[in-house]
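Nothing in this text is a laboratory measurement; each read-out follows from the coordinates by a stated rule. Worth saying up front: this structure is predicted, and the values here are computed from it rather than measured. For neighbour counting, all protein chains shown are included, and Cβ atoms are generated from backbone atoms with ideal geometry for every residue, glycine included.
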Amino acid sequence: MPKIAPDEWSFFFPDEGEAKDHAIPIIGGIFDADHAAREACSYDWSSRHGEERNGATFRITVVSPLGVAHEFSAWHQPTIEHRVQAAKRVA
């Protein structure tokens, strides 16, 4: 497991049998536990095959730099948006 710096937030997935010693550090500026949980949910989608959950809820535990654990219920709700913007008029 990567070493977590004293000022870093981290997270783990208790439903996967993980505990605090399995925590993954979040690199970058985290504002609060909610922000950290959103980052962890995104990590699950992109790095842990979260798309296979098919909308099922799962738990994320976020650990603050002070060691305080916050538990979240999470799910993936992928959306597709189609957007256009006029670039120029073609005659």
Exercise for the section: Inspect all residues belonging to region 19-28 and state whether any of them is within 21 Å of P78 (Cβ to Cβ), surrounded by fewer than 15 Cβ atoms within 10 Å (Cβ to Cβ) and under 14 Å from the mean Cα position of the chain (by Cα). Expected result: no
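Residue under question is A37, and the condition is that it be closer than 13 Å to S73 by Cα and in a loop (DSSP other than H, G, I, E, B); does it hold?
Values: closer than 13 Å to S73 by Cα: yes; in a loop (DSSP other than H, G, I, E, B): no.
Answer is no for this residue.
Inspect all residues belonging to region 63-75 and state whether any of them is of a type in the set (S, T, N, Q) and under 11 Å from the mean Cα position of the chain (by Cα).
Residues of region 63-75 that are of a type in the set (S, T, N, Q), as a first pass: 64, 73.
Filter once more, keeping what is under 11 Å from the mean Cα position of the chain (by Cα): none.
Looking through region 63-75, none of the residues is of a type in the set (S, T, N, Q) and under 11 Å from the mean Cα position of the chain (by Cα).
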Handout entry: Selection within region 50-91 - in a loop (DSSP other than H, G, I, E, B) and surrounded by 12 or more Cβ atoms within 10 Å (Cβ to Cβ)
Key = S64, P65, W75, H76
Handout entry: Top-ranked residue in region 32-49 [being closer than 16 Å to E18 by Cα, out of contact with any Gly (no Cβ under 9 Å at 6 or more places or on another chain) and among the hydrophobic types (A, V, I, L, M, F, W, C); ranked as surrounded by the most Cβ atoms within 10 Å (Cβ to Cβ)]
Key = A40
